[in-house]
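The values are calculated or read from the model by the stated rules, or taken from the named source; none is laboratory data. Note that the structure is a prediction, hence the values are computed from the model and not measured. Heads up, the Cβs are rebuilt from the backbone with ideal geometry, glycines too, and the neighbour counts pull from every protein chain shown.
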Amino acid sequence: MANSPVRESTRGGNHPEHPVKVDVRNLRLWYGDTQALFDVNVNVHDRQVTALIGPSGCGKSSFLRCLNRMNDLVPNVRIEGAVELDGEDIYDPSVDVVQLRSHVGMVFQKPNPFPKSIYENIAYAPRLHGIATSRSELDDLVESSLRRAGLWNEVADRLQTPGTALSGGQQQRLCIARAIAVSPEVILMDEPASALDPLATATIEELIDELKDNFTIVIVTHNLQQAARVAGYTAFFHMGRLVEFNDTDTLFTNPREQKTEDYITGRYG
Ligand code: ADP
């Protein structure tokens with residue numbers, strides 16, 4: 001059953017035009033005694049959007065958080081298997097987790113700007129990492145990050161006001177700008193639009209589409225239409241297992257597995 005044809009077919013690896021950025025092999029995760037991920041194999045392709053879909057509790061966020069070791073912060077978590085970023089094992093003991101997270105940034109479900117000015121939200125991490133130090137370097141980086149997040153025109157005249165005073169959709173774009181500011185290669189997004197209204201959601205989806213030219217994006221979404229709209233690749237999880245991984249068109253129009261078909265046609269979940 002678990003033999004190579006199925007295993008290989010779930011990896012979505014046969015797309016040489018999109019090199020592999022993150023190679024996940026046999027990933028298993030336990031919270032205490034409870035196993036939440038079972039032998040997950042995924043190739044995340046460079047400068048593509050990969051969507052993680054599946055019913056609530058199937059392990060999407062747990063998987064996502066393995067890609068920048070956010071699960072390290074959870075007590076009693078145990079992780080086995082390999083996660084390689086550009087061929088380097090991110091779980092190697094020599095890896096500096098703070099550095100790793102500057103390469104693999106994260107945007108959360110609920111916009112979480114720091115309780116600081118818009119300017120400081122962006123400038124904080126680059127200053128910390130020594131990416132920009134002088135005032136003019138920081139000014140440039142703040143502007144370019146806000147531009148890339150599609151927020152500059154809305155906030156250019158009030159950079160010193162608190163980030164928390166923005167609308168929900170603007171706050172989420174601020175968080176994306178903050179993630180971009182340290183020039184990550186990969187951006188993880190955990191249901192980034194689920195707390196937003198339809199208009200703000202559409203803006204975030206357009207932004208994701210633009211960002212994929214420069215960043216590898218992995219996005220958890222419970223919204224199948226959103227996955228179909230934004231993602232080149234989609235991974236379907238069920239009860240901690242990766243059921244199917246393929247390019248999004250194939251997964252939605254011609255799924256290989258009955259479970260996938262049942263899910264995308266709304267029979268459960
Ligand atoms: P999804 O993102 O698909 O909703 P999760 O990855 O959040 O799924 O959860 C997968 C399983 O792991 C669920 O059974 C959930 O209750 C459990 N889980 C998630 N986070 C933790 C945690 N910090 N401690 C213990 N169990 C957890």
Please go through the range 39-70 and give me each residue that is buried (at least 20 other Cβ atoms within 10 Å of the Cβ), within 9 Å of the ligand (Cβ to nearest atom) and more than 21 Å from D247 (Cα to Cα), ordered by number. S62, R65
What are the residues in the range 201-231 that are within 16 Å of the ligand (Cβ to nearest atom) and either out of contact with any strand residue (DSSP E or B) (no Cβ under 8 Å at 6 or more places or on another chain) or without any contact (Cβ under 8 Å) to a residue 12 or more places away in the chain (or both), if any? N223
Does any residue in the range 51-69 that is touching a residue at least 24 places away in the same chain (Cβ under 8 Å) and small (G, A, S) come within less than 9 Å, Cβ to Cβ, of a residue that is assigned to a helix (DSSP H, G or I) and near the ligand (Cβ under 9 Å from one of its atoms) six or more places away or on a different chain, and which pairs are these? G54/K60; S62/N71
Answer yes if at least one residue in the range 232-247 is in a helix (DSSP H, G or I) and either at pLDDT below 95 or in contact with a His (Cβ under 7 Å, 6 or more places away or on another chain) (or both), and no otherwise. no
Here is a list: I122, I180. Which entry is in contact (Cβ under 8 Å) with a residue 60 or more places away in the chain and in contact with a Lys or Arg (Cβ under 6 Å, 6 or more places away or on another chain)? I180
Is at least one residue of the range 151-165 among the polar types (S, T, N, Q), touching a strand residue (DSSP E or B) at 6+ places or on another chain (Cβ under 7 Å) and not in a helix (DSSP H, G or I)? yes
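So that you can scan it fast, the table gives a plain yes or no per residue for (1) in contact with a helix residue (DSSP H, G or I) (Cβ under 7 Å, 6 or more places away or on another chain); (2) surrounded by fewer than 13 Cβ atoms within 10 Å (Cβ to Cβ):
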{"residue": "G87", "(1), (2)": "no, yes"}
{"residue": "Y91", "(1), (2)": "no, no"}
{"residue": "D96", "(1), (2)": "no, yes"}
{"residue": "V107", "(1), (2)": "yes, no"}
{"residue": "N112", "(1), (2)": "yes, no"}
{"residue": "S134", "(1), (2)": "no, yes"}
{"residue": "R148", "(1), (2)": "yes, no"}
{"residue": "I176", "(1), (2)": "yes, no"}
Search result, residues across the range 71-91 that are touching a Leu at 6+ places or on another chain (Cβ under 9 Å), within 14 Å of the ligand (Cβ to nearest atom) and either on the phi > 0 side of the Ramachandran plot or part of a strand (DSSP E or B) (or both): V77, R78, I79
Is there a residue being part of a loop (DSSP other than H, G, I, E, B) and more than 17 Å from L207 (Cα to Cα) anywhere in the range 118-125? no
